[in-house]
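Visitor: Below is a structure I'd like to ask you about.
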């Protein structure tokens, strides 16, 4: 667990080794989609969420630090962000998301984390 936007916070209570693929994702003000992919890499943990028809099939990359809690029984992830925050997030770029420091800094800045 970490204080970084790219790590799971203690409050999220992420059970190590749990596959979050397919979990529903809830913003503060409603459902935004389902987890398409996730990573638990140290200092680079994230979710890729398929928002479906809600915002025209957009995929968004959410740093693990945006997760407020995980309900394993309901297979639901709760975020500490609003639907509008997700809707206006930088576009997911599958070519850049792995190992691209500038892209990670852009997302960290958007979600309120200081640039490294």
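Rule-based calculations on the coordinates, nothing more; no lab input. Not measured: the values here are computed from a predicted model. Glycine gets a Cβ as well: all are built from the backbone with ideal geometry, and neighbour counts include every protein chain shown.
Visitor: What 222 nm value per residue comes from the helices of the chain, counting each DSSP H run with n ≥ 4 as -39,500 (n - 2.57) and dividing by all residues, nearest 500 deg cm²/dmol?
Guide: Calculated mean residue ellipticity at 222 nm is -3500 deg cm²/dmol.
Visitor: From the list (1) 14.9; (2) 15.7; (3) 13.9, can you say which value of Kirkwood radius over Cα pairs in Å was derived from the structure given?
Guide: Identified label for the calculated read-out: (3).
Visitor: With springs only between Cα atoms under 10 Å, which of 70, 28, 86 fluctuates most in a Gaussian network model of the chain?
Guide: 28
Visitor: Distance in nm between label sites at residue 73 and residue 42, each 7 Å beyond Cα in the beta-carbon direction?
Guide: According to this spin-label approximation, the distance is 3.4 nm.
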